[in-house]
Structure formats: C-alpha cells, structure tokens
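Peer 1: After the structure tokens below, expect a handful of questions from me.
The values are calculated or read from the model by the stated rules, or taken from the named source; none is laboratory data. Computed from a predicted model, the values in this text were never measured in an experiment. Methodologically, a virtual Cβ is constructed for each residue, glycine included, from the backbone with ideal geometry; neighbour enumeration extends over all protein chains shown.
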Amino acid sequence: MQEQVLAVQRMQEYIETHLNEEITLASLAKVSLYSPWYSYRLFREYTSLTPSEYIRRLRLSKSAVRLKSEDIKVSDLAYELGFGSVDGFQRAFYREFGLNPSYYARHPIPIPLFIPYGVKFKELRKEYAEMKEMHSVFVQLINKPERKCIIKRAIEADDYFAYCEEVGCDVWGILMSMDSLCGEPVCMWLPEAYRKPNTSTYVQGVEVPMDYDGVIPDGFNVITLPEAKYLAFQGEPFLEEDYAKAISAVQHSMDRYSPSVIGYEWDDSNPRIQLEPRGERGYIELRAVKEIG
C-alpha cells in the first residue's frame, strides 16, 4: 500500500484519539512524517475534506451521539469538543444537521452522522483469497422476534462494495443515528419476496420494534420480518486490513456447515444478515434456520 495512504490513515487515527484536544496542522504533519503543506494536500486528496472540515464534522457527529444518549448541557458539550463558543457550536450543528442541538437532544430523529472511514480501506478490494489455514468460527443459535426493518435499497448491488458505489457510504451514518433492536445497523441479502422490481438483493437498514412510529428517512422503505431462528457465525478477531480474509473465513465455514447436526435446515425465506466487520470482535454473519419437519 502507498506510503501516502498510510500517512493519511495515521492522521485520521491521531484525530480520533485527540478529538477533545487542540489539533494543529503541525501535529498532523508530525504523525504523517511529511511537511505541513504536503500533509494538508494529502489529507484533502484522500478524504475530500480539509483537516479542519474533517475534524469539525467528526466533532459534530460525536456531539449528536452524546446529546441523544447522555443528559449533558449543550454548553458543556460545546467546550468539551473544542468549539470556541456555544453560539458557534449551535450554528455549526444546525448547518450540519438542519436542527438546533437543544431541539435534537429533546427530539432525536435520524440524521446523517459523519462516519470517518479509514482511507486505507478504500484502497483494498474484496478479494477472496484461497483458504490456507483453519480459522475458529463460533456458531450460536439465536431467536429474532417479529420486527420492522427500515431499509435503503439499491438497484443491482449484491455486496457491500457494489452497494456503496450505487448508494454511497453516507447511508451508514443515518442508520448509526437510529436506535436498533440489536444495537447496531444491519446489512442484508433479501429473498425475492422482500424485493421490489428493479431493486437490489443487498440492502442496509436498521431493525426496529413492530410498534415503531418514528421518522422514516427520505428514500427508505419499511419491511416487516417474521420471528425466526438464526445461526450466528462469528469469526476470530482480526486486523482491520485483513477484513476481507475474515469475511471469507466465516462465509467459507458457513457454506460447509450443515445445520442438520442440530436438527435444523436452512430457511432462505428470511434475509441473510451481515453485521459491520469490526476487528476487535470478529466478523459476524447470520443465516436463518427452521426445524426439520
């Protein structure tokens, strides 16, 4: 991988860990190992944002998460996150999300959170390498209740990369701002019964209770999923740059696994579910099963 990409990744990681502090171009240049001028140029080239724009958007999204989940004063939050004044924070929040932070704290609705994707992952492509060694995969039977799922459809996408090319990666930011039954957004491969004409197999969404009556973001649809049993396959923790291999290992194990050993068979009338690949917990994918009749 190009050293320039790794330099920008180091700057992103520095920003994440020093977000509540003053972050200068000099400090970013120090971790990038390039001059301040060249560091600025690289950062803008690979993220499409200047460092100050990137920091501002990340701080605003972090503030939105805290306003929703914590009982915290807007003024305290503004100064904690490095904004020079409460008025400046309120104006920036309104420009980013279209509503006042005090109002959002009382009435949280889906908003497009800024998700700081690491630039080194943009250089990687989903390549399923030949399996050369065994990987441990934990399998667990779980039950999902009847629920609604608020989804964003694409047109032809059948995996994450094609979906991002069609829809964009910003969808995840909206989903992250919403409460989910399982605690996080989901990606799904939909059976034909849940698809609309000229729409994709692969979608992203958030599972919500059947009595959900909140805001549905523009361009999203709601589907109802029945109560169902799933086998959850969870792989080993992995280095973030090895996420493609981690996905491959779990899917390889899933393809070879026969649920008949526990008295079940695959139930492909329900969506297959993918959770966000996160290295610290291992890759997780779920496939529905039903008892052998």
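Peer 1: Looking at the range 166-226, what strands (runs of 3 or more DSSP E) fall wholly within it and have at least 2 residues that are in contact with a Ser or Thr (Cβ under 8 Å, 6 or more places away or on another chain)?
Peer 2: It comes to 186-189, 202-208.
Peer 1: Continuing with this model, one more query. Could you list, in sequence order, all residues of the range 276-285 that are under 18 Å from Ser136 (Cβ atoms) and either in contact (Cβ under 8 Å) with a residue 40 or more places away in the chain or not assigned by TED's automatic domain parsing to the domain that holds Gln234 (or both)?
Peer 2: First, the residues of the range 276-285 that are under 18 Å from Ser136 (Cβ atoms): 277-285.
Scanning the range 276-285 gives Gly279, Glu280, Arg281, Gly282, Tyr283, Ile284, Glu285.
Peer 1: Counting just the residues of the range 239-265 that are touching a residue at least 24 places away in the same chain (Cβ under 8 Å) and hydrophobic (A, V, I, L, M, F, W, C), which one comes out surrounded by the fewest Cβ atoms within 10 Å (Cβ to Cβ)?
Peer 2: Going through the qualifying residues, I end up with Leu239.
Peer 1: Another question, if that's okay. Against the condition of a type in the set (Ser, Thr, Tyr) and closer than 17 Å to Leu113 by Cβ, how does Ser61 come out, does it pass?
Peer 2: Against the criterion (of a type in the set (Ser, Thr, Tyr) and closer than 17 Å to Leu113 by Cβ), Ser61 qualifies.
Peer 1: Something else about it: Any idea which of Ala154, Ala193, Ala232 is at pLDDT 95 or above, over 25 Å from Arg278 (Cα atoms) and assigned by TED's automatic domain parsing to the domain that holds Asp268?
Peer 2: Ala193
Peer 1: Just for the range 184-233: of the residues that are surrounded by fewer than 16 Cβ atoms within 10 Å (Cβ to Cβ) and of a type in the set (Val, Ile, Thr), which one is farthest from Tyr104 (Cα to Cα)?
Peer 2: Taking the candidates together, the pick is Thr224.
Peer 1: May I pose another question? Looking at (1) closer than 16 Å to Leu113 by Cβ; (2) among the small types (Gly, Ala, Ser); (3) over 22 Å from the mean Cα position of the chain (by Cα), find the lone condition where Ala78 falls short.
Peer 2: All conditions are met except number (1).
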